[in-house]
Amino acid sequence: MFKSCLFRVLSFQRSFRLLANDRYVRPSIARCSSSKLSTSEAKVNTNNDRPQFPGSRSEWTQKLAFTRNTDYDGIPVYRVMNRDGSIIDESQDPNLGEAKITKIYKGMTLLNTMDRVLYESQRQGRISFYMTSFGEEGTHFGSAAALNDDDLVFGQYREGGVIMWRGFNLQQVMDQCYGNIDGNDKGRQMPVHYGDKNLHFVTISSTLATQMPQAVGAAYHFKRQANGKVVICYFGEGASSEGDAHAALNFAATLDCPIIFFCRNNGYAISTPTHEQYRGDGIAGRGSGYGIASIRVDGNDTLAVYNVTAAARNYCIEESKPVLIEAMTYRIGHHSTSDDSSAYRSVDEVRYWHQQDHPISRLRKYMELKGLWDDAKEKEWKEESRRQVLQAFVAAEKKPKPNVIEMFTDVYNEMPDNLRSQYNDLKAHLKVYKEHYPIKNFNELTEELC
């Protein structure tokens, strides 16, 4: 059944629309192939009067007409279930099994609960910053569940669920957000900027789209190794407007890299709505221009996201080529704790998406129809998940911050004289003015300054 689903998705990915003889045609696979022409084929064929310009694949025409994006329909949105959780086409149901689908659902709801607690903790001044994933949980867990554990992930800053699926537990999340002594980044990163080498998740950077060319480089390395791994690179539609995004897409296409570009199109780049960001057919519409197989998926349909990501991974491995996924979703929360989205969108708009098309509600309805979930299980899990979140929250808050020396370590094998001098200057300053700093909050610092 899944092979049938996979075939349909891959068939769709190959459906590029080209303008030929003043009408749209669906090209054959041979014509879409990026394989090199033979020497004889590469020569100009005088018997076939076709354009021979390098880098072009087209026909002659005597009709003067500009091609516009309004001349063709947009790429359709692939989905598996409707908003009531009912499967539209049974052949598309991945039938993941009770254990896996329950794990996905619990992960989505746990992320949602954690987001609520950490968002409020920032508002209370307990942590410095936070970004929620309200309404986008399906893109996290649907895609993460379709990957292999050793596939390499490059995230942006709203992929907390992806690393949690891989084993980054609640305590690790809390420790990172609090920047305490047990955080694996030693308090050097902003909250929600997760990373873990053991989980094959590259540390997140705040700067938009910088991870995209880096992800292509990693995918090219995988291609040369022929190790059966892929890279997945997450980004938002706002990041797709950055120059790095275009460079990454072009490099991935021309180098035939096994990389999945996963765009979360949640409607807003901070406060900029999509209609102010671009005029073309979204992000997936750009794929064919780069020669990249592309697909648009309902990001609030967790099963559809799973199918598309699994098919994309298979395509990357078999073809050693990139895939572009545009997951259509909606950011229910504010962009971050530094943002007030009521300044640029209505409360009614947010309420509509929260009540009518939330990925968590949709997956729960699917599970209830399958007999895998009910009100009793929901009540029990809500209580248990909140208990787990608060337990990790309290533990993280009690831990001290790393010693200030950690600001100077891990750059060189041995600390050079200039950094050692700066560290000594800082200690001398703190010793004189320690009453102006929360010295007791930092590990072993009180003893050093006595």
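What follows is calculated from the coordinates using simple rules that are stated; it is not laboratory data. Not measured: the values here are computed from a predicted model. No Cβ is skipped: glycine too gets one built from the backbone with ideal geometry, and neighbour counts run over all protein chains shown.
Quick notes
- Antiparallel content of DSSP bridges confined to the chain, in %, to 5: 20
- Dividing the summed helix terms, -39500 (n - 2.57) for each DSSP H run of n ≥ 4, by the number of residues in the chain produces a 222 nm estimate of -13000 deg cm²/dmol to the nearest 500.
- The chain, relative contact order in percent, only Cα pairs under 8 angstrom and at least six apart counted: 19
- Helix 2-13 vs. the chain, principal-axis angle (Cα, 0 to 90°, nearest 10): 70
- In terms of the mean number of neighbouring beta-carbon atoms within 10 Å, the peptides 414-421, 93-100 order highest first as 93-100, 414-421.
- Using the Cα coordinates of the stretch 76-398, the gyration tensor eigenvalues translate into equivalent-ellipsoid semi-axes of 28, 24, 21 Å, sorted from longest to shortest.
- Sorted peptide list for 156-168, 117-129, 204-216, criterion being average Cβ within 10 angstrom, highest first: 156-168, 204-216, 117-129
- Against the chain, whose longest principal axis is taken from its Cα atoms, helix 359-369 shows a tilt of about 80°.
- Distance from the stretch 151-197 to the stretch 317-377 (C-alpha centre basis), Å: 21
- Choice from Gln189, Gln422, Gln388 showing the highest fluctuation, given a GNM over the chain with Cα pairs closer than 10 Å: Gln422
- Each peptide in 136-148, 339-351, 280-292 gets a packing score, the mean of other Cβ atoms within 10 Å over its residues, and the list from highest to lowest is 136-148, 280-292, 339-351.
- Selected from Tyr105, Tyr78, Tyr433 as most flexible by GNM, with the chain as the system and alpha-carbon contacts under 10 Å: Tyr433
- In the chain, the longest principal axis of the Cα atoms and the axis of helix 98-123 are about 50 degrees apart.
- Using equal-weight Cα scatterers in the Debye expression, the normalised intensity of the stretch 338-450 in log10 at q = 0.13, 0.15 Å⁻¹ is -0.79, -0.85.
- Exposure proxy ranking, count of Cβ atoms within 10 Å, fewest first, for Asp357, Asp73, Asp175: Asp73, Asp357, Asp175
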